[in-house]
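The values are calculated or read from the model by the stated rules, or taken from the named source; none is laboratory data. All values derive from a computational prediction rather than experimental measurement. Cβ placement follows ideal geometry from the backbone for every residue including glycine, while neighbour counts extend to all protein chains displayed.
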Ligand SMILES: *Cc1c(COP(=O)(O)O)cnc(C)c1O
């Protein structure tokens, strides 16, 4: 490791809480799907800040929107009307069947808002004392207390109990288990159409449709967490749209403002009735600066048909990765994912492969020790993806 890197690493150890294990990289600059570290080394970024920089780093038009808004208005709070919020809401709502938006600042916060809306809708609109949220094994919904309880993974809540009550979990792809878990106490089912942190696992279309049918039959709400899979990542604007279902509430964050903290929920007009003035709020949510940047991002996603591009580029990449699996069946055990949300599961320990990729200038994420998780900018050049697979093949052949 270089001196420049060691200097940054030492400051981190001195100054910050020990809450992250980090990659051995200190990044100073980004452009498109490229990153540069403190030593000037260039990397192909196949992670995009964990599905955040969907348009790539420092996108010219997004920078221009940020600069222009930064000289006009940053923040006045939700005590005031602000056109920037409305322009963003109109754009977002044009992409789905939802009629109402609520803005916040992160994925966990979006899920908290979704959970609160579901509970309050049941109590105040349906007149039912239903508070329970059912989630799926291997889900991830965030790290705040409600979202942590929804996530239900003991390794993440170690030392933090007690968690809020009113959450239960069932195995994915098992409709009978879900049906058995639904009771008069159930307010909603919450799921990711493609489980992200769980290792890039798309739920089957039949299962998603079955869950929707159960929710309708039992008159409970369906919440889709689109924080990672949404905004074009999977090849549709929203991941739930692959199954043609109509969730009552969706949560959104990561790519919404391409790197500025920004989150939202979208609700049907009916579910949206669960909130009234004063029931939920956040100081920063939907501030003018973040809203103007997010609106530009959504405008570009729609104008440049980036969901469609993700579908096409992702499908070609998946074909190439499957061909690689055929050539090296002992090294690659599975290729899965949708659009540009992809996982390549290795048969052996992935750590050495991941490190070798990094040495060759390719940044991706290693999930569960053996799945290479790829979440590149939706604008990435196909040549970068092809080069990644070539290098991966060389590395796997040398093992
Ligand atoms: C990242 C993520 C979250 C949490 O988002 P934060 O912005 O980190 O709070 C929630 N749900 C899913 C599916 C995610 O991928």
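Can you list residue pairs whose Cβ atoms sit under 6 Å apart, with the first residue in the range 106-129 being over 15 Å from residue 261 (Cβ atoms) and free of Cβ contacts under 8 Å to residues at least 40 places away in the same chain and the second being more than 16 Å from the ligand (Cβ to nearest atom) and outside any helix (DSSP H, G or I)? Count only pairs 6 or more apart in sequence or on different chains.
none
State yes or no: is residue 68 away from the ligand (no atom under 16 Å from the Cβ), part of a helix (DSSP H, G or I) and more than 26 Å from the chain's Cα centre (by Cα)?
yes
Please verify whether residue 390 is closer than 18 Å to residue 194 by Cα and surrounded by fewer than 16 Cβ atoms within 10 Å (Cβ to Cβ), treating the condition exactly as stated. Walk me through how you get there before you give the answer.
Numbers: closer than 18 Å to residue 194 by Cα: no; surrounded by fewer than 16 Cβ atoms within 10 Å (Cβ to Cβ): yes.
No; evaluated as a whole, the condition is false for this residue.
Show me the strands (runs of 3 or more DSSP E) found entirely inside the range 130-236 where at least 3 residues are within 13 Å of the ligand (Cβ to nearest atom).
Answer list for the range 130-236: 221-225.
Can you tell me how many residues in the range 176-212 are loosely packed, with under 15 Cβ neighbours inside 10 Å and either under 25 Å from the mean Cα position of the chain (by Cα) or at positive phi (or both)?
4
Using the structure shown, decide if residue 85 is within 22 Å of residue 252 (Cβ to Cβ) and more than 16 Å from the ligand (Cβ to nearest atom).
Yes.
Enumerate the pairs (first residue in the range 134-150 and closer than 12 Å to residue 113 by Cβ; second residue anywhere and assigned to a loop (DSSP other than H, G, I, E, B) and more than 8 Å from the ligand (Cβ to nearest atom)) with beta-carbon separation below 7 Å, excluding pairs fewer than 6 apart on the same chain, so at least 6 apart or on different chains.
Within 7 Å, the pairs are 146/164.
I'd like to know if the range 261-270 contains one or more residues that are away from the ligand (no atom under 16 Å from the Cβ) and in a strand (DSSP E or B).
Yes.
Condition check ((1) in a loop (DSSP other than H, G, I, E, B); (2) surrounded by fewer than 17 Cβ atoms within 10 Å (Cβ to Cβ)) across all residues:
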{"residue": "22", "(1), (2)": "yes, yes"}
{"residue": "43", "(1), (2)": "no, no"}
{"residue": "62", "(1), (2)": "no, no"}
{"residue": "108", "(1), (2)": "no, no"}
{"residue": "113", "(1), (2)": "no, no"}
{"residue": "118", "(1), (2)": "no, no"}
{"residue": "124", "(1), (2)": "no, yes"}
{"residue": "127", "(1), (2)": "yes, yes"}
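With 128, 90 as the choices, which residue is out of contact with any helix residue (DSSP H, G or I) (no Cβ under 8 Å at 6 or more places or on another chain) and under 27 Å from residue 192 (Cα atoms)?
Working: 128 fails: out of contact with any helix residue (DSSP H, G or I) (no Cβ under 8 Å at 6 or more places or on another chain).
After applying the criteria, what remains is 90.
Here are the criteria: (1) over 19 Å from residue 295 (Cα atoms); (2) touching a helix residue (DSSP H, G or I) at 6+ places or on another chain (Cβ under 6 Å). Tell me which single one residue 101 does not satisfy.
Just one mismatch for residue 101, condition (1).
Look through 30, 40, 49 and report the one residue that is touching a strand residue (DSSP E or B) at 6+ places or on another chain (Cβ under 9 Å), closer than 20 Å to residue 367 by Cβ and at pLDDT 95 or above.
On the way: 30 fails: closer than 20 Å to residue 367 by Cβ; 40 fails: closer than 20 Å to residue 367 by Cβ.
Result of the check over 30, 40, 49: 49.
Can you tell me how many residues within the range 322-353 are assigned to a helix (DSSP H, G or I), over 12 Å from residue 396 (Cβ atoms) and either modelled with pLDDT under 95 or touching a strand residue (DSSP E or B) at 6+ places or on another chain (Cβ under 6 Å) (or both)?
Adding up the residues that qualify gives 1.
Among the numbered conditions (1) on the phi > 0 side of the Ramachandran plot; (2) within 10 Å of the ligand (Cβ to nearest atom), tell me where residue 244 comes up short.
The failed condition is (2).
Since residue 380 meets every condition but one in (1) out of contact with any strand residue (DSSP E or B) (no Cβ under 9 Å at 6 or more places or on another chain); (2) assigned to a loop (DSSP other than H, G, I, E, B), which condition does it not meet?
Every condition holds for residue 380 apart from (1).
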